[in-house]
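What follows is a single structure, written as C-alpha coordinates, with notes after it.
The values are calculated or read from the model by the stated rules, or taken from the named source; none is laboratory data. No experiment lies behind these values; they were computed from the predicted model shown. Ideal geometry is used to build each Cβ from the backbone, glycine not excepted, and the neighbour counts take in all protein chains shown. All accessible areas refer to the heavy atoms of the entire protein, side chains included, with ligands and DNA or RNA removed. Shrake-Rupley method; radii C 1.70, N 1.55, O 1.52, S 1.80 Å.
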Amino acid sequence: MSGRLLLQTLRWQRVRLAIVVLAGIGWGLLIPVFYNAFSDVMRDLANSGAFPRELMSFGSGSLFTLPGAITLGLQHPLAIGMLGIFAVGASATAVAGERARGTLEVLLARPISRLALYLSILAALLVAVLIVFAAIIGGMIGGSAIQGLTAELDLAQLPLVILNGFGLWAAFTTFGLAASVTFDRPGPAIGVSLAYLAVNYFLEILGSLWIDAAWAQDYSLFHHFNPGAILSGEPVLVDLVIVFGAAIVPVVYALVVFPRRDLAAPA
Amino acid sequence: MQDTSPTPAISTRALTKHYGPVRALSDLTLDVRQGEIFGFLGPNGSGKSTTIRTLLGFLHATSGAASVLGMDVGRESVEIRRLTGYLPGGIALYDSLTGEEVLDYLVDMQGREPYRRGELCERLELSTAVLKRKVRDYSRGMRQKIGVVQALQHDPELAILDEPTEGLDPLMQQAFYRILDDLRREGRTVFFSSHVLSEVERLCDRVAIIRAGHLMAIHDVPELLARRRRRVTLRWRGVAPDPTSLPGLEDAEVDGNRIIGTLSGEVAGFVRAIASPNLEDLTIEPASLEEAFLEYYATTETPT
(Lines give C-alpha, C1' and ligand atoms only; values in the text may rest on other atoms or scores of the structure.)
Protein backbone atom coordinates (compact mmCIF):
# COMPACT_ATOMS: atom_id res chain seq x y z
CA MET A 1 0.00 0.00 0.00
CA SER A 2 1.21 3.51 -0.76
CA GLY A 3 0.79 6.00 2.09
CA ARG A 4 1.45 8.83 -0.32
CA LEU A 5 -1.35 7.75 -2.63
CA LEU A 6 -3.70 7.21 0.29
CA LEU A 7 -3.03 10.72 1.59
CA GLN A 8 -3.29 12.25 -1.87
CA THR A 9 -6.64 10.52 -2.46
CA LEU A 10 -7.93 11.90 0.83
CA ARG A 11 -6.49 15.30 -0.03
CA TRP A 12 -8.45 15.37 -3.28
CA GLN A 13 -11.61 14.58 -1.33
CA ARG A 14 -10.98 16.99 1.52
CA VAL A 15 -13.29 19.84 0.57
CA ARG A 16 -16.14 17.51 -0.30
CA LEU A 17 -15.45 15.53 2.86
CA ALA A 18 -15.53 18.65 5.06
CA ILE A 19 -18.86 19.76 3.58
CA VAL A 20 -20.45 16.33 3.95
CA VAL A 21 -19.15 15.95 7.51
CA LEU A 22 -20.74 19.28 8.49
CA ALA A 23 -23.99 18.26 6.80
CA GLY A 24 -23.82 14.88 8.53
CA ILE A 25 -23.35 16.44 11.97
CA GLY A 26 -26.26 18.80 11.28
CA TRP A 27 -28.51 15.96 10.17
CA GLY A 28 -27.49 13.89 13.18
CA LEU A 29 -28.29 16.74 15.56
CA LEU A 30 -31.77 17.11 14.07
CA ILE A 31 -32.87 13.48 14.54
CA PRO A 32 -33.24 13.61 18.37
CA VAL A 33 -34.97 16.98 17.98
CA PHE A 34 -37.51 15.44 15.58
CA TYR A 35 -37.95 12.51 17.92
CA ASN A 36 -38.47 14.75 20.95
CA ALA A 37 -40.88 16.99 19.10
CA PHE A 38 -42.94 14.51 17.08
CA SER A 39 -42.74 11.03 18.59
CA ASP A 40 -45.84 11.47 20.79
CA VAL A 41 -47.83 12.93 17.92
CA MET A 42 -46.75 10.09 15.63
CA ARG A 43 -47.57 7.50 18.27
CA ASP A 44 -51.04 8.98 18.79
CA LEU A 45 -51.55 9.05 15.05
CA ALA A 46 -50.49 5.42 14.75
CA ASN A 47 -52.69 4.36 17.66
CA SER A 48 -55.68 6.21 16.17
CA GLY A 49 -55.65 3.77 13.27
CA ALA A 50 -55.88 6.58 10.74
CA PHE A 51 -52.82 5.22 8.97
CA PRO A 52 -51.52 1.68 8.69
CA ARG A 53 -48.84 1.17 11.31
CA GLU A 54 -46.36 0.23 8.59
CA LEU A 55 -46.49 3.77 7.25
CA MET A 56 -45.30 5.09 10.59
CA SER A 57 -41.95 3.44 10.09
CA PHE A 58 -39.35 3.80 7.38
CA GLY A 59 -37.21 0.79 6.70
CA SER A 60 -36.25 -0.64 10.07
CA GLY A 61 -36.67 2.69 11.84
CA SER A 62 -39.49 4.53 13.52
CA LEU A 63 -40.10 7.71 15.44
CA PHE A 64 -41.58 5.90 18.42
CA THR A 65 -38.27 5.34 20.22
CA LEU A 66 -34.99 7.24 20.12
CA PRO A 67 -33.03 4.18 18.90
CA GLY A 68 -35.73 3.70 16.26
CA ALA A 69 -35.43 7.34 15.27
CA ILE A 70 -31.67 6.94 14.94
CA THR A 71 -32.21 3.97 12.65
CA LEU A 72 -34.66 6.01 10.64
CA GLY A 73 -32.18 8.87 10.45
CA LEU A 74 -29.47 6.56 9.14
CA GLN A 75 -31.79 5.01 6.55
CA HIS A 76 -33.21 8.29 5.39
CA PRO A 77 -32.36 9.24 1.79
CA LEU A 78 -30.45 12.27 3.07
CA ALA A 79 -28.06 10.10 5.08
CA ILE A 80 -27.86 7.61 2.21
CA GLY A 81 -26.97 10.48 -0.09
CA MET A 82 -24.26 11.81 2.22
CA LEU A 83 -22.62 8.44 2.63
CA GLY A 84 -23.26 7.51 -0.99
CA ILE A 85 -21.17 10.46 -2.18
CA PHE A 86 -18.10 8.52 -1.07
CA ALA A 87 -19.33 4.93 -0.97
CA VAL A 88 -20.77 5.10 -4.48
CA GLY A 89 -19.68 8.29 -6.22
CA ALA A 90 -16.04 8.54 -5.19
CA SER A 91 -15.44 4.79 -5.23
CA ALA A 92 -17.04 4.15 -8.64
CA THR A 93 -15.06 6.98 -10.23
CA ALA A 94 -11.79 6.40 -8.36
CA VAL A 95 -10.08 4.13 -10.87
CA ALA A 96 -12.40 4.34 -13.88
CA GLY A 97 -12.26 8.14 -13.70
CA GLU A 98 -8.47 8.18 -13.67
CA ARG A 99 -8.52 5.70 -16.49
CA ALA A 100 -10.90 7.80 -18.60
CA ARG A 101 -8.90 10.98 -17.94
CA GLY A 102 -5.66 9.20 -18.78
CA THR A 103 -4.00 9.92 -15.43
CA LEU A 104 -4.06 6.26 -14.39
CA GLU A 105 -1.25 5.38 -16.74
CA VAL A 106 0.82 8.32 -15.49
CA LEU A 107 0.33 6.99 -11.99
CA LEU A 108 0.95 3.37 -12.91
CA ALA A 109 4.17 4.37 -14.66
CA ARG A 110 5.53 4.77 -11.10
CA PRO A 111 6.83 1.77 -9.23
CA ILE A 112 3.49 0.93 -7.70
CA SER A 113 1.67 -2.32 -8.28
CA ARG A 114 -1.99 -2.35 -9.19
CA LEU A 115 -2.59 -4.21 -5.94
CA ALA A 116 -0.97 -1.40 -3.94
CA LEU A 117 -2.85 1.21 -5.94
CA TYR A 118 -6.17 -0.52 -5.32
CA LEU A 119 -5.54 -1.00 -1.60
CA SER A 120 -4.39 2.60 -1.15
CA ILE A 121 -7.48 4.02 -2.82
CA LEU A 122 -9.72 1.58 -0.95
CA ALA A 123 -8.17 2.57 2.38
CA ALA A 124 -8.64 6.27 1.62
CA LEU A 125 -12.29 5.75 0.66
CA LEU A 126 -13.01 3.65 3.72
CA VAL A 127 -11.47 6.34 5.92
CA ALA A 128 -13.72 8.94 4.25
CA VAL A 129 -16.82 6.76 4.69
CA LEU A 130 -15.93 6.10 8.33
CA ILE A 131 -15.47 9.81 8.99
CA VAL A 132 -18.85 10.68 7.45
CA PHE A 133 -20.59 7.87 9.28
CA ALA A 134 -18.98 8.84 12.57
CA ALA A 135 -20.00 12.46 11.96
CA ILE A 136 -23.66 11.50 11.54
CA ILE A 137 -23.62 9.22 14.59
CA GLY A 138 -21.69 11.86 16.56
CA GLY A 139 -24.36 14.41 15.63
CA MET A 140 -27.09 12.04 16.77
CA ILE A 141 -25.42 11.37 20.12
CA GLY A 142 -24.68 15.07 20.53
CA GLY A 143 -28.29 15.91 19.67
CA SER A 144 -29.52 13.31 22.18
CA ALA A 145 -27.30 14.87 24.86
CA ILE A 146 -28.58 18.36 24.06
CA GLN A 147 -32.16 17.08 24.34
CA GLY A 148 -31.29 15.20 27.54
CA LEU A 149 -32.25 11.86 26.02
CA THR A 150 -29.03 9.85 26.35
CA ALA A 151 -30.59 7.68 29.06
CA GLU A 152 -32.75 6.12 26.31
CA LEU A 153 -29.63 4.81 24.59
CA ASP A 154 -27.27 2.03 25.58
CA LEU A 155 -24.14 4.04 24.78
CA ALA A 156 -21.87 1.15 25.66
CA GLN A 157 -23.07 -0.36 22.36
CA LEU A 158 -21.92 2.67 20.37
CA PRO A 159 -18.72 1.04 19.05
CA LEU A 160 -20.83 -1.84 17.74
CA VAL A 161 -23.16 0.61 15.98
CA ILE A 162 -20.18 2.25 14.33
CA LEU A 163 -18.65 -1.10 13.41
CA ASN A 164 -21.90 -2.44 11.94
CA GLY A 165 -22.66 0.80 10.10
CA PHE A 166 -19.14 1.00 8.80
CA GLY A 167 -19.42 -2.60 7.60
CA LEU A 168 -22.63 -1.75 5.72
CA TRP A 169 -21.10 1.23 3.94
CA ALA A 170 -17.81 -0.55 3.41
CA ALA A 171 -19.82 -3.12 1.44
CA PHE A 172 -21.12 -0.40 -0.90
CA THR A 173 -17.66 1.18 -1.10
CA THR A 174 -15.89 -2.04 -2.05
CA PHE A 175 -18.62 -2.79 -4.57
CA GLY A 176 -18.20 0.65 -6.13
CA LEU A 177 -14.44 0.29 -6.30
CA ALA A 178 -14.75 -3.21 -7.77
CA ALA A 179 -16.97 -1.72 -10.48
CA SER A 180 -14.43 1.05 -10.94
CA VAL A 181 -11.55 -1.34 -11.62
CA THR A 182 -13.75 -3.33 -14.00
CA PHE A 183 -14.87 -0.60 -16.39
CA ASP A 184 -12.85 1.79 -18.54
CA ARG A 185 -15.32 4.61 -18.07
CA PRO A 186 -16.89 5.96 -14.87
CA GLY A 187 -20.41 5.98 -16.30
CA PRO A 188 -21.02 2.21 -16.22
CA ALA A 189 -19.22 1.92 -12.87
CA ILE A 190 -21.45 4.55 -11.31
CA GLY A 191 -24.54 3.00 -12.90
CA VAL A 192 -23.84 -0.50 -11.57
CA SER A 193 -22.92 0.79 -8.11
CA LEU A 194 -25.99 2.99 -7.88
CA ALA A 195 -28.17 0.10 -9.00
CA TYR A 196 -26.69 -2.11 -6.28
CA LEU A 197 -27.42 0.54 -3.65
CA ALA A 198 -30.91 1.20 -5.02
CA VAL A 199 -31.89 -2.49 -5.12
CA ASN A 200 -30.76 -2.96 -1.53
CA TYR A 201 -32.65 0.13 -0.47
CA PHE A 202 -35.77 -0.84 -2.41
CA LEU A 203 -35.88 -4.32 -0.84
CA GLU A 204 -35.57 -2.83 2.63
CA ILE A 205 -38.26 -0.20 2.17
CA LEU A 206 -40.58 -2.54 0.27
CA GLY A 207 -40.35 -5.14 3.01
CA SER A 208 -41.02 -2.62 5.74
CA LEU A 209 -44.04 -1.05 4.06
CA TRP A 210 -45.68 -4.19 2.64
CA ILE A 211 -46.10 -6.96 5.14
CA ASP A 212 -46.37 -9.67 2.45
CA ALA A 213 -42.95 -8.69 1.15
CA ALA A 214 -41.26 -8.59 4.54
CA TRP A 215 -39.04 -11.47 3.41
CA ALA A 216 -37.41 -9.08 0.93
CA GLN A 217 -35.77 -7.21 3.77
CA ASP A 218 -33.54 -10.17 4.54
CA TYR A 219 -31.95 -9.72 1.12
CA SER A 220 -31.14 -6.09 1.76
CA LEU A 221 -27.85 -5.09 3.35
CA PHE A 222 -29.67 -2.19 5.00
CA HIS A 223 -31.72 -4.66 6.99
CA HIS A 224 -28.51 -5.99 8.50
CA PHE A 225 -27.69 -2.75 10.18
CA ASN A 226 -30.21 -1.87 12.84
CA PRO A 227 -28.71 0.69 15.20
CA GLY A 228 -32.02 0.89 17.00
CA ALA A 229 -31.74 -2.74 18.07
CA ILE A 230 -28.08 -2.36 19.01
CA LEU A 231 -28.64 0.82 21.04
CA SER A 232 -31.56 -0.89 22.77
CA GLY A 233 -29.10 -3.57 23.89
CA GLU A 234 -30.20 -6.17 21.31
CA PRO A 235 -27.30 -6.48 18.88
CA VAL A 236 -27.52 -9.12 16.13
CA LEU A 237 -24.01 -10.34 15.63
CA VAL A 238 -24.84 -12.22 12.44
CA ASP A 239 -25.53 -8.82 10.86
CA LEU A 240 -21.84 -8.01 11.30
CA VAL A 241 -20.86 -11.21 9.54
CA ILE A 242 -23.24 -10.47 6.66
CA VAL A 243 -22.18 -6.85 6.06
CA PHE A 244 -18.47 -7.56 6.36
CA GLY A 245 -18.88 -10.64 4.18
CA ALA A 246 -20.59 -8.44 1.59
CA ALA A 247 -17.68 -6.00 1.90
CA ILE A 248 -14.99 -8.61 1.41
CA VAL A 249 -16.39 -10.36 -1.68
CA PRO A 250 -15.88 -7.34 -3.99
CA VAL A 251 -12.37 -6.87 -2.57
CA VAL A 252 -11.47 -10.44 -3.49
CA TYR A 253 -12.99 -9.92 -6.93
CA ALA A 254 -11.03 -6.70 -7.49
CA LEU A 255 -7.79 -8.24 -6.29
CA VAL A 256 -8.21 -11.03 -8.83
CA VAL A 257 -9.46 -8.96 -11.76
CA PHE A 258 -7.59 -5.67 -11.56
CA PRO A 259 -3.99 -6.91 -11.79
CA ARG A 260 -4.94 -9.16 -14.71
CA ARG A 261 -6.76 -6.54 -16.73
CA ASP A 262 -5.33 -5.01 -19.84
CA LEU A 263 -5.18 -1.26 -19.61
CA ALA A 264 -5.27 -0.19 -23.23
CA ALA A 265 -4.57 3.41 -24.16
CA PRO A 266 -7.38 5.74 -23.13
CA ALA A 267 -9.48 6.99 -26.03
CA MET B 1 31.96 -19.20 -25.26
CA GLN B 2 30.32 -17.04 -22.63
CA ASP B 3 28.27 -14.13 -23.94
CA THR B 4 29.88 -10.95 -22.63
CA SER B 5 27.65 -8.48 -24.50
CA PRO B 6 25.75 -6.20 -22.13
CA THR B 7 22.14 -6.98 -21.38
CA PRO B 8 19.90 -5.14 -23.85
CA ALA B 9 17.95 -2.28 -22.34
CA ILE B 10 14.85 -3.71 -24.01
CA SER B 11 14.48 -7.16 -25.45
CA THR B 12 11.40 -8.73 -26.97
CA ARG B 13 11.08 -12.22 -28.37
CA ALA B 14 8.10 -13.05 -30.58
CA LEU B 15 6.03 -10.63 -28.55
CA THR B 16 2.40 -10.90 -29.58
CA LYS B 17 -0.70 -9.14 -28.42
CA HIS B 18 -4.19 -9.89 -29.66
CA TYR B 19 -7.39 -8.14 -28.67
CA GLY B 20 -9.85 -10.86 -29.56
CA PRO B 21 -9.57 -11.24 -33.31
CA VAL B 22 -7.52 -8.04 -33.65
CA ARG B 23 -3.77 -8.64 -33.91
CA ALA B 24 -2.26 -5.51 -32.42
CA LEU B 25 1.25 -6.92 -32.32
CA SER B 26 2.64 -10.02 -34.01
CA ASP B 27 5.91 -11.77 -33.22
CA LEU B 28 7.86 -8.64 -32.39
CA THR B 29 11.50 -9.46 -31.82
CA LEU B 30 13.95 -6.65 -31.20
CA ASP B 31 16.79 -5.60 -28.94
CA VAL B 32 17.47 -2.05 -27.84
CA ARG B 33 21.08 -1.63 -26.78
CA GLN B 34 22.00 0.18 -23.63
CA GLY B 35 23.06 3.76 -24.25
CA GLU B 36 21.38 4.21 -27.61
CA ILE B 37 18.52 6.33 -28.78
CA PHE B 38 16.16 3.98 -30.50
CA GLY B 39 13.37 5.23 -32.68
CA PHE B 40 10.19 3.25 -33.03
CA LEU B 41 8.52 4.36 -36.19
CA GLY B 42 5.16 3.61 -37.60
CA PRO B 43 1.87 5.14 -38.64
CA ASN B 44 -0.98 5.56 -36.17
CA GLY B 45 -2.42 2.22 -35.08
CA SER B 46 0.66 0.29 -36.14
CA GLY B 47 1.33 -1.15 -32.67
CA LYS B 48 3.82 1.35 -31.24
CA SER B 49 1.79 2.18 -28.14
CA THR B 50 0.77 -1.46 -27.68
CA THR B 51 4.45 -2.39 -27.56
CA ILE B 52 5.25 0.34 -25.04
CA ARG B 53 2.26 -0.49 -22.87
CA THR B 54 3.24 -4.14 -22.85
CA LEU B 55 6.80 -3.25 -21.84
CA LEU B 56 5.46 -1.25 -18.91
CA GLY B 57 3.03 -3.93 -17.76
CA PHE B 58 -0.19 -2.12 -18.70
CA LEU B 59 -0.97 -4.85 -21.20
CA HIS B 60 -0.37 -8.56 -20.87
CA ALA B 61 1.24 -10.23 -23.85
CA THR B 62 -0.78 -12.94 -25.57
CA SER B 63 2.46 -14.81 -26.20
CA GLY B 64 6.17 -14.20 -26.42
CA ALA B 65 8.50 -12.63 -23.91
CA ALA B 66 9.89 -9.22 -23.13
CA SER B 67 12.40 -7.85 -20.70
CA VAL B 68 13.42 -4.34 -19.77
CA LEU B 69 16.82 -3.68 -18.20
CA GLY B 70 17.16 -7.42 -17.86
CA MET B 71 13.92 -7.83 -15.94
CA ASP B 72 10.85 -9.71 -17.07
CA VAL B 73 7.97 -7.36 -17.88
CA GLY B 74 5.40 -9.70 -16.39
CA ARG B 75 7.06 -10.57 -13.09
CA GLU B 76 9.20 -7.51 -12.36
CA SER B 77 7.09 -4.72 -13.71
CA VAL B 78 7.27 -2.61 -10.54
CA GLU B 79 11.06 -2.71 -10.42
CA ILE B 80 11.21 -1.89 -14.14
CA ARG B 81 9.09 1.19 -13.57
CA ARG B 82 11.35 2.27 -10.72
CA LEU B 83 14.23 2.59 -13.18
CA THR B 84 12.22 3.90 -16.10
CA GLY B 85 10.80 7.25 -17.10
CA TYR B 86 7.66 7.14 -19.21
CA LEU B 87 5.96 9.81 -21.23
CA PRO B 88 2.58 8.59 -22.53
CA GLY B 89 1.31 9.85 -25.85
CA GLY B 90 -1.04 12.81 -25.31
CA ILE B 91 -0.27 12.86 -21.62
CA ALA B 92 -3.08 13.65 -19.17
CA LEU B 93 -2.26 15.42 -15.92
CA TYR B 94 -4.14 16.30 -12.76
CA ASP B 95 -5.91 19.51 -13.71
CA SER B 96 -6.61 20.59 -10.14
CA LEU B 97 -2.92 20.61 -9.21
CA THR B 98 -0.26 23.11 -10.16
CA GLY B 99 2.55 22.01 -12.44
CA GLU B 100 4.89 21.91 -9.46
CA GLU B 101 2.46 19.82 -7.42
CA VAL B 102 2.11 17.35 -10.28
CA LEU B 103 5.89 16.99 -10.52
CA ASP B 104 6.23 16.68 -6.73
CA TYR B 105 3.51 14.08 -6.53
CA LEU B 106 4.83 11.97 -9.37
CA VAL B 107 8.46 12.06 -8.26
CA ASP B 108 7.38 11.22 -4.74
CA MET B 109 5.50 8.21 -6.10
CA GLN B 110 8.64 7.35 -8.07
CA GLY B 111 10.60 7.16 -4.83
CA ARG B 112 13.61 8.97 -6.26
CA GLU B 113 14.96 12.49 -6.01
CA PRO B 114 14.15 14.94 -8.84
CA TYR B 115 17.84 15.30 -9.73
CA ARG B 116 17.22 16.76 -13.16
CA ARG B 117 14.09 18.81 -12.62
CA GLY B 118 15.77 22.21 -12.32
CA GLU B 119 17.84 21.73 -15.44
CA LEU B 120 14.92 20.34 -17.46
CA CYS B 121 12.58 23.14 -16.45
CA GLU B 122 15.19 25.70 -17.37
CA ARG B 123 15.83 24.18 -20.78
CA LEU B 124 12.13 23.80 -21.52
CA GLU B 125 11.43 27.32 -20.25
CA LEU B 126 9.15 26.26 -17.44
CA SER B 127 9.57 29.16 -15.06
CA THR B 128 8.66 29.10 -11.37
CA ALA B 129 5.66 31.31 -12.17
CA VAL B 130 4.44 28.80 -14.78
CA LEU B 131 4.92 25.89 -12.39
CA LYS B 132 2.80 27.67 -9.77
CA ARG B 133 -0.18 27.77 -12.14
CA LYS B 134 -2.86 25.11 -12.21
CA VAL B 135 -2.45 22.52 -14.94
CA ARG B 136 -5.96 23.28 -16.15
CA ASP B 137 -4.67 26.68 -17.32
CA TYR B 138 -1.82 25.16 -19.32
CA SER B 139 -1.66 25.04 -23.09
CA ARG B 140 -1.07 21.71 -24.80
CA GLY B 141 2.59 22.50 -25.26
CA MET B 142 3.06 23.34 -21.59
CA ARG B 143 1.40 20.09 -20.58
CA GLN B 144 3.75 18.25 -22.88
CA LYS B 145 6.73 20.00 -21.28
CA ILE B 146 5.51 18.92 -17.84
CA GLY B 147 5.15 15.44 -19.32
CA VAL B 148 8.76 15.47 -20.47
CA VAL B 149 9.97 16.73 -17.10
CA GLN B 150 8.00 14.12 -15.13
CA ALA B 151 9.44 11.38 -17.33
CA LEU B 152 13.06 12.48 -16.94
CA GLN B 153 13.27 14.41 -13.66
CA HIS B 154 14.39 11.37 -11.65
CA ASP B 155 17.20 10.63 -14.11
CA PRO B 156 15.91 7.23 -15.23
CA GLU B 157 18.19 4.58 -16.67
CA LEU B 158 15.74 4.12 -19.52
CA ALA B 159 13.33 6.68 -20.92
CA ILE B 160 10.33 5.41 -22.86
CA LEU B 161 8.75 8.29 -24.70
CA ASP B 162 5.60 7.97 -26.76
CA GLU B 163 5.56 10.72 -29.39
CA PRO B 164 7.44 13.13 -27.14
CA THR B 165 7.48 16.24 -29.33
CA GLU B 166 3.74 16.25 -29.95
CA GLY B 167 2.50 19.73 -29.13
CA LEU B 168 5.95 21.28 -28.64
CA ASP B 169 6.75 24.32 -30.73
CA PRO B 170 9.85 24.12 -33.00
CA LEU B 171 12.09 25.93 -30.50
CA MET B 172 11.11 23.59 -27.70
CA GLN B 173 11.53 20.61 -30.01
CA GLN B 174 15.12 21.70 -30.53
CA ALA B 175 15.57 22.09 -26.77
CA PHE B 176 14.15 18.61 -26.31
CA TYR B 177 16.51 17.17 -28.93
CA ARG B 178 19.46 18.68 -27.07
CA ILE B 179 18.24 17.10 -23.85
CA LEU B 180 18.18 13.70 -25.54
CA ASP B 181 21.65 14.31 -26.99
CA ASP B 182 22.89 14.92 -23.46
CA LEU B 183 21.18 11.77 -22.20
CA ARG B 184 22.93 9.78 -24.89
CA ARG B 185 26.28 11.28 -23.93
CA GLU B 186 25.60 10.24 -20.33
CA GLY B 187 24.93 6.68 -21.43
CA ARG B 188 21.17 6.71 -20.85
CA THR B 189 18.93 4.69 -23.13
CA VAL B 190 15.99 6.32 -24.85
CA PHE B 191 13.26 4.40 -26.63
CA PHE B 192 10.85 6.64 -28.37
CA SER B 193 8.01 6.20 -30.75
CA SER B 194 7.27 8.73 -33.38
CA HIS B 195 5.77 9.21 -36.75
CA VAL B 196 7.87 12.35 -37.30
CA LEU B 197 10.71 11.05 -39.41
CA SER B 198 12.83 14.18 -39.28
CA GLU B 199 13.25 13.86 -35.52
CA VAL B 200 14.16 10.22 -35.80
CA GLU B 201 16.76 11.17 -38.39
CA ARG B 202 18.05 13.93 -36.13
CA LEU B 203 18.21 11.87 -32.96
CA CYS B 204 18.29 8.14 -33.35
CA ASP B 205 21.09 5.67 -33.59
CA ARG B 206 18.75 2.97 -34.81
CA VAL B 207 15.20 2.81 -35.92
CA ALA B 208 12.63 0.06 -36.06
CA ILE B 209 9.77 0.35 -38.49
CA ILE B 210 6.52 -1.25 -37.48
CA ARG B 211 3.40 -1.60 -39.52
CA ALA B 212 0.09 -3.31 -38.75
CA GLY B 213 1.70 -4.90 -35.69
CA HIS B 214 4.58 -6.41 -37.66
CA LEU B 215 8.18 -5.36 -37.43
CA MET B 216 9.15 -4.40 -40.95
CA ALA B 217 12.80 -3.56 -40.42
CA ILE B 218 15.45 -2.41 -38.00
CA HIS B 219 18.10 -0.11 -39.40
CA ASP B 220 21.07 1.89 -38.29
CA VAL B 221 19.93 5.38 -39.14
CA PRO B 222 23.20 6.37 -40.87
CA GLU B 223 22.96 3.19 -42.95
CA LEU B 224 19.38 3.88 -43.92
CA LEU B 225 20.30 7.40 -44.90
CA ALA B 226 23.24 6.16 -46.95
CA ARG B 227 20.97 3.81 -48.87
CA ARG B 228 18.45 6.44 -49.71
CA ARG B 229 18.08 7.94 -53.13
CA ARG B 230 19.09 11.51 -53.82
CA ARG B 231 17.60 13.93 -56.27
CA VAL B 232 20.22 15.13 -58.73
CA THR B 233 20.15 18.05 -61.15
CA LEU B 234 23.00 18.52 -63.65
CA ARG B 235 23.40 21.48 -66.00
CA TRP B 236 25.81 21.34 -68.90
CA ARG B 237 27.37 23.81 -71.25
CA GLY B 238 26.03 22.79 -74.64
CA VAL B 239 24.22 19.50 -75.10
CA ALA B 240 23.71 17.19 -72.15
CA PRO B 241 25.30 13.75 -72.44
CA ASP B 242 23.31 10.54 -72.70
CA PRO B 243 22.04 9.97 -69.13
CA THR B 244 22.34 6.21 -69.48
CA SER B 245 26.08 6.70 -69.48
CA LEU B 246 25.99 8.12 -65.95
CA PRO B 247 26.39 5.37 -63.33
CA GLY B 248 23.75 5.13 -60.65
CA LEU B 249 21.41 7.69 -62.21
CA GLU B 250 17.82 6.52 -62.51
CA ASP B 251 14.58 7.97 -63.80
CA ALA B 252 16.59 10.54 -65.69
CA GLU B 253 14.85 13.24 -67.72
CA VAL B 254 16.68 15.44 -70.16
CA ASP B 255 15.44 18.98 -70.51
CA GLY B 256 17.67 20.88 -72.92
CA ASN B 257 21.00 21.18 -71.22
CA ARG B 258 19.69 19.83 -67.91
CA ILE B 259 19.42 16.30 -66.62
CA ILE B 260 17.21 15.59 -63.62
CA GLY B 261 17.20 12.18 -62.03
CA THR B 262 17.60 10.18 -58.85
CA LEU B 263 20.82 8.74 -57.64
CA SER B 264 21.03 5.63 -55.56
CA GLY B 265 24.11 4.06 -54.15
CA GLU B 266 27.56 5.54 -53.84
CA VAL B 267 28.01 9.23 -54.62
CA ALA B 268 31.78 9.20 -55.23
CA GLY B 269 31.66 7.02 -58.35
CA PHE B 270 28.91 9.15 -59.82
CA VAL B 271 30.86 12.36 -59.20
CA ARG B 272 33.93 10.89 -60.81
CA ALA B 273 31.91 9.85 -63.86
CA ILE B 274 30.36 13.24 -64.45
CA ALA B 275 33.57 15.20 -63.91
CA SER B 276 33.89 17.30 -67.08
CA PRO B 277 34.79 20.89 -67.96
CA ASN B 278 31.34 21.10 -69.58
CA LEU B 279 29.53 20.49 -66.31
CA GLU B 280 28.23 23.91 -65.33
CA ASP B 281 26.22 23.09 -62.21
CA LEU B 282 25.47 20.15 -59.99
CA THR B 283 22.84 19.92 -57.27
CA ILE B 284 22.45 16.84 -55.09
CA GLU B 285 19.53 17.16 -52.72
CA PRO B 286 19.83 14.92 -49.70
CA ALA B 287 16.71 12.81 -49.51
CA SER B 288 15.15 12.94 -46.09
CA LEU B 289 14.54 9.90 -43.98
CA GLU B 290 10.92 10.43 -44.82
CA GLU B 291 11.65 9.69 -48.47
CA ALA B 292 13.74 6.70 -47.48
CA PHE B 293 10.89 5.54 -45.32
CA LEU B 294 8.27 6.01 -48.02
CA GLU B 295 10.57 4.30 -50.47
CA TYR B 296 10.91 1.43 -48.10
CA TYR B 297 7.19 1.08 -47.73
CA ALA B 298 6.68 1.43 -51.45
CA THR B 299 8.85 -1.61 -52.03
CA THR B 300 7.65 -3.71 -49.09
CA GLU B 301 4.43 -5.63 -49.09
CA THR B 302 1.96 -4.79 -46.38
CA PRO B 303 1.60 -7.65 -43.91
CA THR B 304 -1.80 -9.17 -43.52
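See the values below:
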item: Cross-link reach list, aspartates and glutamates versus B:Lys17, counting only Cα pairs under 12 Å and skipping chain neighbours closer than eight places; result: A:Asp262, B:Asp27
item: Approximate spin-label separation A:Phe38-B:Leu279, in nm, with each point projected 7 Å along Cα-to-Cβ; result: 10.2 nm
item: Mean Cβ count within 10 Å, highest first, over the residues of peptides A:210-220, B:209-219, A:154-164; result: B:209-219, A:154-164, A:210-220
item: Packing rank of B:150-159, B:117-126, where each peptide gets the mean count of other beta carbons within 10 Å, highest leading; result: B:150-159, B:117-126
item: C-alpha long axis of helix A:3-48 to longest principal axis of chain A, angle in °; result: 20 degrees
item: Centre separation in Å (Cα based) which lies between region B:54-117 and region A:168-231; result: 37 Å
item: Peptide B:91-102, shielding by other chains (average Cβ, 10 Å cutoff); result: 3
item: Charge dipole of chain B about the Cα centre (unit charges at C-beta), most positive-ward option of B:Gly64, B:Ile218, B:Ile10; result: B:Gly64
item: Average beta carbon contacts from partner chains per residue of B:106-114, 10 Å cutoff; result: 4
item: Cα-Cα pairs of chain B separated by more than 30 Å (percent); result: 44 percent
item: Under 12 Å from B:Lys48, Cα to Cα: aspartates and glutamates that are on another chain or at least 8 residues apart; result: B:Asp162, B:Glu163
item: Reciprocal of mean inverse Cα separation for the protein assembly as shown (Kirkwood radius, Å); result: 28.2 Å
item: Charge context of B:Ser63, other residues only, Cβ under 12 angstrom, K/R +1, D/E -1; result: +2
item: Accessible area of the protein assembly as shown belonging to carbon and sulfur atoms, whole % at 1.4 Å probe; result: 59 percent
item: Cα radius of gyration and Dmax for region A:3-260 (Å); result: 19.3, 68
item: In degrees, nearest ten, helix A:91-101 long axis to first principal axis of chain A (Cα); result: 30 degrees
item: Where only alpha carbons of region B:197-280 are counted, the Rg and the Dmax (Å); result: 17.0, 54
item: All lysines inside 30 Å of B:Lys132 as judged from Cα atoms, apart from same-chain residues fewer than 8 positions distant; result: B:Lys145
